[in-house]
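The values are calculated or read from the model by the stated rules, or taken from the named source; none is laboratory data. The structure displayed is predicted, hence computed values, not measured ones. Virtual Cβ from ideal backbone geometry, glycine too; neighbours counted across all protein chains shown. Just so you know, the surface numbers come from the protein's heavy atoms only, side chains and all, with ligands and any DNA or RNA stripped out. Shrake-Rupley method; radii C 1.70, N 1.55, O 1.52, S 1.80 Å.
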Amino acid sequence: MKEYLTHPIFGIIADIAKKEGLETYVIGGYVRDLLLRRQSKDIDIVTVGSGIELAQKVAKAIGPRVRVSIFRNFGTAMLRYGDDEIEFVGARKESYMRNSRNPIVENGTLEDDQNRRDFTINALAISLNESDFGTLIDPFNGLTDMEEGIIRTPLDPIITFSDDPLRMMRAIRFATQLKFDIWDETFEAICANKGRIKIISRERIIDEMNKIIMSSKPSIGFKLLDQSGLLEIIFPELCRLKGRDVVQGIGHKDNFYHTLEVLDRITYSTDNLWLRWAALLHDIAKPMTKRFSSESGWTFHSHNFMGAKMIPGIFRQLKLPLNEKMKYVQKLVDLHMRPIVLSEEEVTDSAVRRLLFDAGDDIDDLMTLCEADITSKNSEKVNRYMNNFQLVRQKLKEIEEKDAIRNFQPPVDGDVIMKTFNLTPGREIGIIKTYIKDSILDGKIRNDFKEAFQLMLEKGKELGLIAVLSIEDF
Ligand code: CTP
């Protein structure tokens with residue numbers, strides 16, 4: 001495997017290891033990614049001895065300005081080399097848990113260390129020792145598993161998962177990212193131990209879920225989460241989407257699988273995690289809004305609005321950020337039906353202006369979501385929608401160029417209204433402002449100060465107000 005060790009840090013580490021007589025290896029995810037030709041910026045080095053001392057000596061050899069971050073509790077040390085993070089750890093007997101709060105420090109051999117890693121493909125090591133530099137040490141046939149595309153624990157999975165139950169999610173995350181299969185016995189252990197996920201912090205869980213969402217086919221992960229029973233525990237609202245009712249011979253689509261299809265489809269158009277979240281959550285309120293009537297069949301009235309209302313609770317529960325990212329997801333969920341409805345009718349300028357006004361800068365993302373949402377098997381229907389969307393996009397562009405609605409600022413603001421009619425803050429100002437906004441969005445006047453001022457005078461008169469200033473005063 002010598003040919004793989006092209007990174008200059010390996011030569012430096014090998015020299016120090018030799019001088020100090022320390023058995024040293026590169027191990028874990030970096031080796032896996034080297035063999036899979038995936039990009040990786042974290043290099044894990046394991047040494048039979050003190051990882052911290054080795055890191056300090058390596059840092060000295062690189063140059064005087066290299067800083068080592070030491071985590072004494074965990075017996076690890078980290079330094080930066082160019083863009084890469086190099087982490088050093090002493091070989092240990094216990095489980096390898098990077099984010100655990102418990103200090104784990106019992107020293108061990110390389111074999112002990114490999115035993116307590118999560119998956120065979122993550123337990124591979126390459127020697128940096130002079131005697132066998134570049135040799136792959138693969139006690140669990142990780143290389144074969146890699147070639148065959150298998151996720152499997154090195155030990156009895158019950159032991160591996162009870163060491164760190166997050167590994168159940170990691171198994172599913174790797175299966176999704178690498179498009180590997182989870183070994184039967186390993187998957188059965190996930191099903192049997194799913195309840196143990198409850199002891200894991202929600203921050204660690206959501207990290208894994210986000211990695212699934214950012215993969216090229218997230219549905220793989222969500223189906224596995226569902227089949228294993230983990231999804232019901234960590235994200236029950238998504239499970240509620242499952243199922244298809246039939247009444248009087250009329251059924252509706254299964255919204256769980258539809259949602260996953262939308263999520264898969266949106267990966268072709270965006271790497272924006274939050275737009276992908278919007279895809280995952282766009283129909284989240286369908287179960288609670290579902291109704292059947294003989295006249296209309298199945299309806300999900302206001303599921304967009306109810307869905308938007310559910311977002312803060314879901315974000316809080318999942319420990320997702322409660323900031324502008326959440327607001328963005330909320331807005332997209334709320335608006336996700338609008339372009340569809342629009343494209344079903346005649347696409348009027350006024351409707352397009354209103355959409356542009358409500359969506360603002362997120363209009364392109366909203367259109368991307370809507371296009372991903374068309375999952376019908378009926379190709380005639382799909383074509384019709386797609387063509388209509390194109391029309392909507394075209395109209396959006398025209399209106400945008402003409403009217404600058406996207407970041408709409410009313411041409412006449414509250415201050416002008418108050419000065420003109422000599423008013424103190426009160427409800428008339430709101431009435432006039434809304435009237436002007438609606439008139440612009442409906443195309444009755446242009447987005448222009450003069451026209452808006454004239455309209456303000458008319459509306460003011462109607463409300464019994466007397467103007468004390470004229471347009472020349474502004
Ligand atoms: N590891 C483990 N159990 C965990 C986490 C990590 O055994 N719960 C071990 C694995 O050998 C893993 C290595 O620590 O390869 C590094 O962990 P980490 O950097 O978290 O993950 P990677 O495998 O490198 O994958 P990624 O960078 O994609 O998260």
Report those helices (runs of 4 or more DSSP H) wholly inside segment 394-474 carrying at least 2 residues which are of a type in the set (Gly, Ala, Ser) and either more than 30 Å from Ser343 (Cα to Cα) or touching a Pro at 6+ places or on another chain (Cβ under 8 Å) (or both). 449-462
Give the number of residues within segment 292-333 that are within 23 Å of Ile205 (Cα to Cα), open to solvent by 70 Å² or more (accessible area, probe 1.4 Å) and not in a helix (DSSP H, G or I). 2
Quick one: how many residues across segment 131-154 are surrounded by fewer than 23 Cβ atoms within 10 Å (Cβ to Cβ) and touching an Asp or Glu at 6+ places or on another chain (Cβ under 9 Å)? 8
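Yes/no per residue for (1) polar (S, T, N, Q); (2) free of Cβ contacts under 8 Å to residues at least 60 places away in the same chain; (3) surrounded by 13 or more Cβ atoms within 10 Å (Cβ to Cβ):
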position	(1), (2), (3)
Gln394	yes, yes, no
Ile399	no, yes, yes
Val416	no, yes, yes
Thr420	yes, yes, yes
Ile440	no, no, yes
Residue among Thr144, Thr135, Thr153 that is farther than 23 Å from Pro218 by Cβ, modelled with pLDDT of 95 or more, near the ligand (Cβ under 10 Å from one of its atoms) and hydroxyl-bearing (Ser, Thr, Tyr): Thr153
For segment 83-97, state whether one or more residues are surrounded by fewer than 16 Cβ atoms within 10 Å (Cβ to Cβ), within 29 Å of the chain's Cα centre (by Cα) and within 30 Å of Ile200 (Cα to Cα). yes
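Considering only residues of segment 197-223 that are under 20 Å from the mean Cα position of the chain (by Cα), of a type in the set (A, V, I, L, M, F, W, C) and open to solvent by less than 30 Å² (accessible area, probe 1.4 Å), which is farthest from Gly297 (Cα to Cα)? Talk me through it step by step, then tell me what you get.
Of the residues in segment 197-223, the ones under 20 Å from the mean Cα position of the chain (by Cα) are 200-223.
So of that shortlist, the ones also of a type in the set (A, V, I, L, M, F, W, C) come out as 200, 205-206, 209, 212-214, 220, 222.
Next, from what is left, pick out any that are open to solvent by less than 30 Å² (accessible area, probe 1.4 Å): 200, 205-206, 209, 212-213, 222.
Details: Ile200: 43, Ile205: 39, Ile206: 37, Met209: 35, Ile212: 35, Ile213: 33, Phe222: 29 Å.
Going through the qualifying residues, I end up with Ile200.
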Name the helices (runs of 4 or more DSSP H) wholly within segment 170-254 that hold at least 1 residues that are closer than 30 Å to Ser376 by Cα and in contact with an Asp or Glu (Cβ under 6 Å, 6 or more places away or on another chain)? 218-228, 236-239
Does Arg80 satisfy being in a strand (DSSP E or B), open to solvent by 40 Å² or more (accessible area, probe 1.4 Å) and within 16 Å of the ligand (Cβ to nearest atom)? yes
Against the definition (open to solvent by less than 70 Å² (accessible area, probe 1.4 Å) and either in a loop (DSSP other than H, G, I, E, B) or away from the ligand (no atom under 11 Å from the Cβ) (or both)), how does Asp44 come out, yes or no? no
Go through Lys60, Lys18 for me and flag whichever is surrounded by fewer than 16 Cβ atoms within 10 Å (Cβ to Cβ), part of a helix (DSSP H, G or I) and touching a residue at least 60 places away in the same chain (Cβ under 8 Å). Lys18
Among (1) in contact with a helix residue (DSSP H, G or I) (Cβ under 8 Å, 6 or more places away or on another chain); (2) among the charged types (D, E, K, R); (3) surrounded by 21 or more Cβ atoms within 10 Å (Cβ to Cβ), there is one condition Asp164 misses while meeting the rest; what is its number? (1)
